[in-house]
4 protein chains.
Amino acid sequence: MDLGKGLEIMKKNLITFGRAAVDLNATEYNQTMEETMTFSKYVGGSPANVAIGTAKLGLNVGMIAKVSDDQHGNFVLDYMEKSGVDTRCITRDTEGRKIGLTFTEIKSPQESSILMYRDNVADLYLDVTDFDDEYIQSAETLLVSGTSLSQSPSREAALHAIETAKQNNVEVIVELDYRPYTWKSDVETSIYMTTAARRADVVIGTRDEFDVLENRENQSDEESVKNLFQYDPKLIVVKHGVKGSKAFTKEGEVIEGDVYKTKVLKTFGAGDSFASGFIYALKKNKSIQEALKYGSAAASIVVSRHSSSDAMPTVEDIEILIQKHEG
Amino acid sequence: MDLGKGLEIMKKNLITFGRAAVDLNATEYNQTMEETMTFSKYVGGSPANVAIGTAKLGLNVGMIAKVSDDQHGNFVLDYMEKSGVDTRCITRDTEGRKIGLTFTEIKSPQESSILMYRDNVADLYLDVTDFDDEYIQSAETLLVSGTSLSQSPSREAALHAIETAKQNNVEVIVELDYRPYTWKSDVETSIYMTTAARRADVVIGTRDEFDVLENRENQSDEESVKNLFQYDPKLIVVKHGVKGSKAFTKEGEVIEGDVYKTKVLKTFGAGDSFASGFIYALKKNKSIQEALKYGSAAASIVVSRHSSSDAMPTVEDIEILIQKHEG
Amino acid sequence: MDLGKGLEIMKKNLITFGRAAVDLNATEYNQTMEETMTFSKYVGGSPANVAIGTAKLGLNVGMIAKVSDDQHGNFVLDYMEKSGVDTRCITRDTEGRKIGLTFTEIKSPQESSILMYRDNVADLYLDVTDFDDEYIQSAETLLVSGTSLSQSPSREAALHAIETAKQNNVEVIVELDYRPYTWKSDVETSIYMTTAARRADVVIGTRDEFDVLENRENQSDEESVKNLFQYDPKLIVVKHGVKGSKAFTKEGEVIEGDVYKTKVLKTFGAGDSFASGFIYALKKNKSIQEALKYGSAAASIVVSRHSSSDAMPTVEDIEILIQKHEG
Amino acid sequence: MDLGKGLEIMKKNLITFGRAAVDLNATEYNQTMEETMTFSKYVGGSPANVAIGTAKLGLNVGMIAKVSDDQHGNFVLDYMEKSGVDTRCITRDTEGRKIGLTFTEIKSPQESSILMYRDNVADLYLDVTDFDDEYIQSAETLLVSGTSLSQSPSREAALHAIETAKQNNVEVIVELDYRPYTWKSDVETSIYMTTAARRADVVIGTRDEFDVLENRENQSDEESVKNLFQYDPKLIVVKHGVKGSKAFTKEGEVIEGDVYKTKVLKTFGAGDSFASGFIYALKKNKSIQEALKYGSAAASIVVSRHSSSDAMPTVEDIEILIQKHEG
């Protein structure tokens, strides 16, 4: 596969596509959200976090997104620019729609309920007319978040972006990123997740997310990858939480990735940091085995910190952690 | 007028009608909202604040409202109950709609921009089937917030509540409480504000809000009250911000109310605390002159504190402040 | 009352407000709609029919309405112009909305089921910005159809039109014209029917429609008029179908109107022709007693003919029929 | 290919999927629609017409559709049953939505403008829960109309039906059937037409419809089939109106079909009768060359008659016409 090719001047290594949002994380620990009286503000949203995470690791990254034309939209744009993400294709919603919010409690390391404001949010109104196809053509890789498929017109924008990438030999990564509240039904979710994943070169998701994609329960990794490998995917990564992850190649390889144990503060943010570390490593011509380590190390670091975006590690952070475990 | 009649066992002195929401106030001062990184959570929404404010002053108060069926809805209900407000007619939205949010910055005492999440919020879906007419019939006074008129079905619920009150000799106070973002047009606002205000016994609003009601600019207080006194209102209070307020009676009296100077932290919350103090005093058979003092003192205390709801003063707080100024 | 004042040059005797639609009447008699294979096209919609009916009787009539920008809209506009109705305030829907349709069967004189296409139709999108207040100010009388109150923005346009008329001493007739399928609930219907009727000078409706207005069952005419006469109405006409009609004045007069027996083909169209004859006669300074005769005669003629609009009688038709009955 | 396999007892030869509607055809010729005063009622909608057309030719046919729960819905169901179509999977809309209407004028053989009522119609609310997957599994062939892809939830129902057919070795025909008024944008149309057509075994459309599918102008037949033959299609038919049609096979054959000249009354209905004749012939093991003749003959007969559905020819009609031309 082609994901590891070297950086070219001006060419984006990665463009992420989908939602940029605001996280409001409880500043008090060991409390329910009802009891929580203060919240800290961070950039959130899976593809925004991956853009920030990979930019922090040194990749040349851009994002296609739509944010609110208000103070929260200003904050997100500003933070991403300071993180080194190219924001020229992040547009403003001109109809007064707001940016999505995620309130989190930190009740215990295992329990962290969330409360989302996703009704009619700006990111779901990202439209095909909001970005130039040339921007996608200029990239090595396009990462599309499954949540962007959940409603029109963002759904059509995402499908069009994937098709544009495919027709211009830009690699496509689909991060399943399933959030139930934005979808109408299981069948609908399965139809669009499947349509997108079949066209992807790389598919990343949790075991549950692959079940959602197939609209079946308790599938095995082997069944899931067998179905998808009939189409375009060449590499599929199934994440199993604390049990680690498994990468499958079209050629039949199976590579297992371990988890790096840490003091867990909260579990959210783990997936986005995993994707950031994993993609970075592939871009640097590391083996899939190595890339899984980078992903796990990055996830381990983020779950021990307060935010998802602000907590994204550096290459040094990751490599020190890997060495510590291997030493 | 009848507002000052004594408390009866079991009979609510006041039922407020309309939105209960969550305020997220900047914990850092002298910063824009973009720069603000932590927010403190309070109950918000004008009629919720008045319910809390008057309950804290000792009135027997209930509220008719609809809140989200989530952590924020739990918080609001719980807080109001602890404040002594009867919440049996506050229902939960069963369609997953969220409670409204207001983020505030505290840039300077004069400038405090806000950012509202009001799209499709639970309070605008309060329906006539959500409350019993008997609850209104059991009250001395019904206070309806103008914002509840801004969209259906909350609009029809508010008009029905007013009509039910009128037909059962329950006094009606309309607090104009104009929030532009929930209305579609100036004509629409004028139509429904007018329809409600003409049926009210008491109308309270700022100078700007009376202009909005009439869909005219730069009207005088005298013109506004002349129009409304052709219909049911007996008492009209026009608030002029730092210049104080004026109360007009149908019989032709004009009573001026002063402002109690204080160190202003932020201006929001002033109107709700004014209404709380004013209504409390009338219920206690104070004169209109005295009631304006109670309103001004309560407003003065709230603008010097961090929140709108939590900052509501006690009777003692108010009376000490009045004595200090008169002394 | 002032309805009978003489015609003035240029001044409209009557402006009707609300829906213009297309009727598709079965050409075959004694068949269900399912069996009916051909339909004839006519202009329909209560206020359009009254405009055509009164114009045919010689009044100077205009209409405020919104029709589709298509072949059916062309037909309606053209037909009304040929009938002598001033159509300069009939606008076109620019969003592609269609004109309402009413399919009718003529199964038997007593049974004539209908099938309506009213979803998202142009007339319910008539907006306050679609007409000039001056047009209303130029009229002697404004007739508003209750159906125009059933949805926004037509609802606000109707309430604004009534308010504009009231403030300019233009008489207001409210024709209750209740069509259940456009209303969401009985309470909603009652709220807006009541709001409009209380501001009217003349209210016309069937016994059932007055029950709908009050959201009560089996009210007597006396109860209904007692409630409304507390407000602006001076003349109220309650129609009892084959049992005739009753007119009530604020001063306490009760005038009964008989029905003119005829060979009934179908019953629809009776109300609009009654209103046309009744209003015409009042404008010509006839007594209320005489006006009820004109209304009954006009209704009698229309129910014996195939359409509602095309069948509207001339003054001669009406007066011949009255003479025949009195002779 | 497998389309010509013999009829099996109980097994449906064909299930059509999509809209059933009502056509209201001008009974007067050589007039604009504005001038047309009477209309005749017929069953309409492309997949309904093909179901009726093929049933009349003797195939065992069913339809998956949603119709209104009113007199027009009754008429359509009844007519289809009498035509021999299995209607057990035609459901009723329980939300009061209407069946689509198409008014046609017959101005001249070349000009026949139409006026459609398609806003919020029942067929676009056909949902995955409205039919059993087993029904599709029981068929030899599923024909999906492109119009069913134009809005949710009919869009997802159509994509799910195609996927169900594919996974059960039921052949899939996609009839592009592009109707601009139901689609939001060209990009959206292209995305879903492409998604469906790539999964089809057979694709049928006009030259213009293939351009719409590709969102390009003036493509050649060769370019269109080259793109689609990269995916599942085995047979593609491009219709060129009066210039005849061309069938392309994945193996590279190109078969041209002529037009059978006739006295044209109106052009609508030609496509549906073509599809009916063509599919019938393939099912009867005729060659593609022969099937194109059956299609052309059927189209020729329908354009000389007044309706689309009622005019569908018998096998005898078709074969007599073919013999006449070949003799």
What are the residues in the range B:229-247 that are open to solvent by less than 10 Å² (accessible area, probe 1.4 Å) and among the aliphatic types (A, V, I, L, M), if any? B:LEU235, B:ILE236, B:VAL237, B:VAL238, B:ALA247
For residues that are more than 8 Å from every other protein chain (Cβ to nearest Cβ) and open to solvent by 10 Å² or more (accessible area, probe 1.4 Å), scanning just the range B:96-107, find the one that is modelled with the highest pLDDT. B:THR102
Would you kindly identify the helices (runs of 4 or more DSSP H) lying entirely within the range D:219-318 that contain at least 2 residues that are acidic (Asp, Glu), within 30 Å of A:ARG199 (Cβ to Cβ) and in contact with a helix residue (DSSP H, G or I) (Cβ under 9 Å, 6 or more places away or on another chain)? D:221-228
Name, by its number, the condition in (1) within 11 Å of another protein chain (Cβ to nearest Cβ); (2) surrounded by 19 or more Cβ atoms within 10 Å (Cβ to Cβ); (3) assigned to a loop (DSSP other than H, G, I, E, B) that does not hold for A:ALA26. (3)
Could you count how many residues in the range A:108-126 are surrounded by fewer than 22 Cβ atoms within 10 Å (Cβ to Cβ), within 11 Å of chain B (Cβ to nearest Cβ) and either in contact (Cβ under 8 Å) with a residue 24 or more places away in the chain or within 23 Å of A:THR38 (Cβ to Cβ) (or both)? 5
Answer with yes or no whether D:TYR79 is part of a strand (DSSP E or B) and either under 21 Å from C:GLU34 (Cα atoms) or of a type in the set (Val, Ile, Thr) (or both). no
Flag for D:GLU188 being within 14 Å of chain A (Cβ to nearest Cβ), at pLDDT 95 or above and buried (at least 18 other Cβ atoms within 10 Å of the Cβ): yes
Might you check whether a residue that is modelled with pLDDT under 95 and surrounded by fewer than 16 Cβ atoms within 10 Å (Cβ to Cβ) occurs anywhere in the range A:169-177? no
Regarding D:THR32, is this residue in a helix (DSSP H, G or I) and among the polar types (S, T, N, Q)? no
Here's a check for you: in the range C:200-219, which residue that is on the phi < 0 side of the Ramachandran plot and open to solvent by 40 Å² or more (accessible area, probe 1.4 Å) is farthest from the other protein chains (Cβ to nearest Cβ)? C:THR206
Flag if A:ALA165 is farther than 21 Å from A:ASP272 by Cα, buried (at least 22 other Cβ atoms within 10 Å of the Cβ) and touching a helix residue (DSSP H, G or I) at 6+ places or on another chain (Cβ under 6 Å): yes
Only residues that are within 11 Å of chain C (Cβ to nearest Cβ) and among the hydrophobic types (A, V, I, L, M, F, W, C): list them for the range B:162-182, please. B:ILE162
For the range C:143-158, state whether one or more residues are among the basic types (Lys, Arg), under 19 Å from the mean Cα position of the chain (by Cα) and open to solvent by 10 Å² or more (accessible area, probe 1.4 Å). no
Inspect all residues belonging to the range C:140-152 and state whether any of them is of a type outside the set (S, T, N, Q), more than 13 Å from every other protein chain (Cβ to nearest Cβ) and more than 19 Å from C:GLY271 (Cβ to Cβ). yes
Quick one: in the range B:29-42, of everything that is open to solvent by less than 20 Å² (accessible area, probe 1.4 Å) and among the hydroxyl-bearing types (Ser, Thr, Tyr), which residue is nearest to the other protein chains (Cβ to nearest Cβ)? B:SER40
Cβ-Cβ distance below 6 Å, separation of 6 or more or different chains: which pairs start in the range C:138-149 with a residue that is acidic (Asp, Glu) and end on one that is open to solvent by less than 10 Å² (accessible area, probe 1.4 Å)? C:GLU140/C:ASN13
Determine whether the range D:282-292 contains at least one residue that is in contact with a strand residue (DSSP E or B) (Cβ under 9 Å, 6 or more places away or on another chain) and within 23 Å of D:ASP23 (Cβ to Cβ). no
Residues of the range B:253-292 classified as open to solvent by less than 70 Å² (accessible area, probe 1.4 Å), of a type in the set (A, V, I, L, M) and modelled with pLDDT of 95 or more, total: 8
Could you pull out the residue among B:LYS250, B:LYS324 that is in contact with a Phe, Trp or Tyr (Cβ under 6 Å, 6 or more places away or on another chain), without any contact (Cβ under 8 Å) to a residue 40 or more places away in the chain and open to solvent by 60 Å² or more (accessible area, probe 1.4 Å)? B:LYS250
Expected output for the range C:36-57 (first residue without any contact (Cβ under 8 Å) to a residue 40 or more places away in the chain and in a helix (DSSP H, G or I), partner of a type in the set (S, T, N, Q) and open to solvent by less than 10 Å² (accessible area, probe 1.4 Å), Cβ below 8 Å, 6+ apart or cross-chain) is C:ALA51/C:THR16
Criterion (more than 9 Å from chain B (Cβ to nearest Cβ), modelled with pLDDT of 95 or more and open to solvent by 10 Å² or more (accessible area, probe 1.4 Å)) met by exactly one of A:ASP78, A:ASP70, A:ASP130, A:ASP93: A:ASP130
Considering residues of the range B:91-103 that are among the charged types (D, E, K, R) and in a loop (DSSP other than H, G, I, E, B) only, the residue nearest to B:ASN25 (Cα to Cα): B:LYS98
Does C:THR262 qualify as being within 16 Å of the chain's Cα centre (by Cα) and more than 25 Å from C:ILE15 (Cα to Cα)? no
Checking B:MET193 against (1) crowded, with 24+ Cβ neighbours inside 10 Å; (2) away from chain C (no Cβ under 14 Å), which test does it fail? (2)
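Each row is one residue, and each column tells you yes or no for (1) within 24 Å of B:ALA51 (Cβ to Cβ); (2) under 17 Å from the mean Cα position of the chain (by Cα).
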residue: B:ALA165; (1), (2): yes, no
residue: B:GLU175; (1), (2): yes, yes
residue: B:SER190; (1), (2): no, no
residue: B:VAL203; (1), (2): yes, yes
Restricting attention to the range B:3-23, the residues that are open to solvent by 50 Å² or more (accessible area, probe 1.4 Å) and either over 22 Å from B:ALA291 (Cα atoms) or modelled with pLDDT of 50 or more (or both) number exactly 3
Across (1) open to solvent by 50 Å² or more (accessible area, probe 1.4 Å); (2) part of a loop (DSSP other than H, G, I, E, B); (3) within 14 Å of another protein chain (Cβ to nearest Cβ); (4) of a type outside the set (S, T, N, Q), D:ARG88 clears everything bar (3)
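The values are calculated or read from the model by the stated rules, or taken from the named source; none is laboratory data. Only a predicted model underlies this, so the values are computations on that prediction, with no experimental measurement involved. No Cβ is skipped: glycine too gets one built from the backbone with ideal geometry, and neighbour counts run over all protein chains shown. When the accessible area is computed, the model is the full protein with side chains, heavy atoms only, and any ligands, DNA or RNA have been set aside. Shrake-Rupley method; radii C 1.70, N 1.55, O 1.52, S 1.80 Å.
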